[in-house]
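Peer 1: Handing you this structure, nothing more for now.
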Amino acid sequence: MLEDIRQISNPFVRAITSGFFLSTLVTIPASAAIFLVNLKNESTYKFIVYASMVSATVGAVGGLATGKNKSKASKSYEIESSATDWKDWRKFVVDRKVKESDSITSFYLRPLDEGILPSFIPGQFLTIQLEIPDQPKPIIRTYSLSDYIESSPYYRLSIKREPTPADTIAPPGVASNFMHDRIHESSIISVKPPAGKFVLDVNSSQPAVLISNGVGITPMISMAKAVSLLNPTRHIWFLHGSRDGSLHAFRDEVNAIAARNPNLHIVYCYSRPNLTDDGNYQHKGYVDVDLIKNVVAPEMQKLTGSTIADYFLCGSPAFMDSLRDGLRNWGVSDNKVLFESFAKAKSKKSEQAQDLTKENDSIEIVFSKSGKTLDWNPSEGTILEFAEANDIYPDHSCRIGVCGTCMCKISEGEVDYEEAPSASVDSGSVLICISKPKTARVVLDI
Ligand SMILES: Cc1cc2nc3c(=O)[nH]c(=O)nc-3n(C[C@H](O)[C@H](O)[C@H](O)COP(=O)(O)OP(=O)(O)OC[C@H]3O[C@@H](n4cnc5c(N)ncnc54)[C@H](O)[C@@H]3O)c2cc1C
């Protein structure tokens with residue numbers, strides 16, 4: 001009944017209903033009792049009238065107060081449910097835009113609906129959607145969360161401006177340049193909730209080695225901050241490679257965390273330092289396995305009594321390939337090495353596919369929503385590349401099976417993955433950015 005009264009939003013109606021309810025509750029049993037014991041005198045009648053008035057007043061006041069509590073309760077419920085229900089695009093306002101280095105700028109995003117932000121696991125990313133003029137459809141990209149603060153009112157993304165690759169006439173990166181040039185404080189962008197499996201278990205006591213170069217530093221800051229905040233006795237080595245100080249984002253921020261946390265050990269490597277960089281880096285050259293063997297491992301042995309650690313890699317594809325191979329050759333098992341790539345490296349498999357002739361392995365792909373049935377052969381790459389080459393533009397972002405944006409339903413046939421998807425794939429669906437047809441006919445809901 002109390003719950004029912006709380007449902008009444010008008011405070012006067014709620015007060016009257018509640019007063020009437022309590023007064024009835026007191027008056028009827030009292031009258032019945034008096035009738036039964038036959039106490040029919042003037043003071044008994046007066047008592048019933050007073051009891052009825054007092055209970056009506058108490059009920060009315062209670063009804064009003066209940067309403068106040070309800071308002072608060074429902075507001076917090078709405079806020080929490082708006083955050084819990086967040087599955088698709090949600091609008092965020094750019095609260096601050098901060099230049100971090102010559103090429104990286106941070107964007108602090110707060111939800112337009114002012115609801116709470118779900119927490120995330122350090123290492124996860126956000127998927128954003130940008131309406132960019134002259135682009136045929138919204139551009140979707142993924143960016144790692146680059147900060148970690150408990151109960152933070154914002155998420156931070158830190159984005160590197162992608163220039164035209166050297167020796168090409170290709171256009172510069174669409175989303176990153178748009179973010180740098182056209183997104184400012186108070187701009188609004190659409191964002192999907194934190195996701196990703198490149199995550200660090202903050203509670204583990206195992207030493208961790210965070211290894212990055214360039215903009216690959218972003219998830220590492222989040223990991224280093226989370227551990228320093230929540231599990232500061234854990235030893236973390238923070239290895240970062242940059243060409244020089246002008247491109248080294250977040251140096252002061254990471255140094256400040258290390259100044260507060262003696263168990264965060266920093267090693268910066270500059271491959272071509274400037275004269276002004278003196279004192280800002282520990283090693284000249286690249287972050288490589290020799291550095292881990294000769295610098296990190298002895299220190300780790302001394303401090304923790306072991307050299308067993310969890311390794312986290314994020315950086316350019318060549319950098320990660322060389323570190324993964326180096327760690328494996330040094331005897332680190334693959335399950336101790338977690339990595340995230342921001343861009344697609346040309347796989348050996350697709351290079352081989354380029355050599356196959358068009359006549360071989362002709363396979364039919366039906367793009368049912370687009371109404372196109374097309375012949376595919378291995379030289380035409382992934383299903384996403386093939387679709388784009390035929391003027392079909394499915395949603396996608398990472399092109400490496402990490403973000404899940406390109407997931408679509410498959411109603412006939414099977415696909416082969418170039419590499420195991422990192423994103424979760426729903427049953428009856430496939431990721432087209434890293435897959436090719438396996439059967440003679442594949443029907444996709446695109
Ligand atoms: C999980 C994940 C997390 C990420 N986190 C971050 C992060 O924290 N910070 C960050 O900066 N990035 C991050 N990225 C990368 C980011 O998602 C984008 O890929 C990146 O910003 C480039 O997008 P863009 O639209 O600017 O470039 P695109 O337009 O996608 O172009 C990419 C590159 O290809 C070149 N190019 C364009 N067209 C051609 C062509 N025809 N031929 C040859 N080259 C061409 C462009 O010049 C550019 O250099 C992350 C990626 C993933 C998958």
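The values are calculated or read from the model by the stated rules, or taken from the named source; none is laboratory data. None of the values given here were measured: they were computed from a predicted structure. Glycine gets a Cβ as well: all are built from the backbone with ideal geometry, and neighbour counts include every protein chain shown.
Peer 1: Mind checking which residues of the stretch 391-413 are free of Cβ contacts under 8 Å to residues at least 40 places away in the same chain and touching a Leu at 6+ places or on another chain (Cβ under 6 Å)?
Peer 2: GLY401, CYS406, MET407, CYS408, ILE410, listed by residue number.
Peer 1: Check whether at least one residue in the stretch 164-174 is within 26 Å of LEU200 (Cβ to Cβ) and touching a residue at least 40 places away in the same chain (Cβ under 8 Å), and report yes or no.
Peer 2: no
Peer 1: Sticking with this structure for a sec: Being of a type in the set (S, T, N, Q) and either closer than 18 Å to VAL215 by Cα or modelled with pLDDT of 95 or more (or both): is that true of SER350 here?
Peer 2: no
Yes/no per residue for (1) loosely packed, with under 14 Cβ neighbours inside 10 Å; (2) over 31 Å from the mean Cα position of the chain (by Cα); (3) modelled with pLDDT under 95; (4) not hydroxyl-bearing (Ser, Thr, Tyr):
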{"site": "ARG260", "(1), (2), (3), (4)": "yes, no, no, yes"}
{"site": "ASN263", "(1), (2), (3), (4)": "no, no, no, yes"}
{"site": "VAL267", "(1), (2), (3), (4)": "no, no, no, yes"}
{"site": "VAL287", "(1), (2), (3), (4)": "no, no, no, yes"}
{"site": "ASP290", "(1), (2), (3), (4)": "yes, yes, no, yes"}
{"site": "GLN301", "(1), (2), (3), (4)": "yes, yes, no, yes"}
{"site": "ILE308", "(1), (2), (3), (4)": "yes, no, no, yes"}
{"site": "PHE312", "(1), (2), (3), (4)": "no, no, no, yes"}
{"site": "GLY326", "(1), (2), (3), (4)": "no, no, no, yes"}
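Peer 1: Find all pairs meeting these conditions: Cβ atoms under 7 angstrom apart; at least six residues apart or on different chains; first residue within the stretch 213-233 and at negative phi; second residue away from the ligand (no atom under 13 Å from the Cβ) and part of a helix (DSSP H, G or I).
Peer 2: Hits for this filter: ASN213/PHE319; ILE221/GLU253; ILE221/VAL254; ALA224/VAL254; ALA224/ILE257; LYS225/ILE257; SER228/ILE257; SER228/ARG260.
Residue-wise test of (1) within 16 Å of the ligand (Cβ to nearest atom); (2) under 16 Å from the mean Cα position of the chain (by Cα); (3) closer than 30 Å to LYS87 by Cα.
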{"site": "VAL191", "(1), (2), (3)": "yes, yes, yes"}
{"site": "GLY196", "(1), (2), (3)": "yes, yes, yes"}
{"site": "SER204", "(1), (2), (3)": "no, no, yes"}
{"site": "ILE211", "(1), (2), (3)": "yes, no, no"}
{"site": "SER222", "(1), (2), (3)": "yes, yes, yes"}
{"site": "ARG234", "(1), (2), (3)": "no, no, no"}
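Peer 1: Only one of these is assigned by TED's automatic domain parsing to the domain that holds LYS302 and modelled with pLDDT under 95: LEU239, LEU230, LEU247. Name it.
Peer 2: LEU247
Peer 1: Another one. For a quick check of your reading of the model, give me the residue pairs whose first member lies in the stretch 95-123 and is of a type in the set (S, T, N, Q), whose second is surrounded by fewer than 16 Cβ atoms within 10 Å (Cβ to Cβ), with beta-carbon atoms closer than 7 Å and at least 6 apart or on different chains.
Peer 2: SER101/SER246; THR105/VAL98; THR105/LYS99; SER106/VAL98
Peer 1: Anything in the stretch 129-146 that is touching a residue at least 40 places away in the same chain (Cβ under 8 Å) and within 11 Å of the ligand (Cβ to nearest atom)? List them, or say none.
Peer 2: Selection gives LEU130, ILE132, ILE140, ARG141, THR142, TYR143, SER144, LEU145, SER146.
Peer 1: Which of the residues belonging to the stretch 181-198 are out of contact with any Asp or Glu (no Cβ under 8 Å at 6 or more places or on another chain) and under 29 Å from LEU338 (Cβ atoms)?
Peer 2: ILE189, SER190, VAL191, PRO193, PRO194, ALA195, LYS197
Peer 1: Could you tell me whether any residue of the stretch 422-442 is away from the ligand (no atom under 15 Å from the Cβ), among the β-branched types (Val, Ile, Thr) and assigned to a strand (DSSP E or B)?
Peer 2: Yes, the stretch 422-442 contains at least one residue that is away from the ligand (no atom under 15 Å from the Cβ), among the β-branched types (Val, Ile, Thr) and assigned to a strand (DSSP E or B).
Peer 1: Which one is nearest to the ligand (Cβ to nearest atom) among residues in the stretch 236-249 that are within 20 Å of SER101 (Cα to Cα) and buried (at least 22 other Cβ atoms within 10 Å of the Cβ)?
Peer 2: Ranking the qualifying residues of the stretch 236-249, first place goes to ALA249.
Peer 1: May I pose another question? Are any residues in the stretch 91-107 within 12 Å of SER187 (Cβ to Cβ), more than 14 Å from the chain's Cα centre (by Cα) and either surrounded by 14 or more Cβ atoms within 10 Å (Cβ to Cβ) or within 16 Å of the ligand (Cβ to nearest atom) (or both), and if so, which ones?
Peer 2: VAL93, VAL94, ASP95, LYS97, PHE107
Peer 1: What tally of residues in the stretch 234-273 results from selecting those that are in a helix (DSSP H, G or I), free of Cβ contacts under 8 Å to residues at least 60 places away in the same chain and under 16 Å from GLY285 (Cα atoms)?
Peer 2: 1
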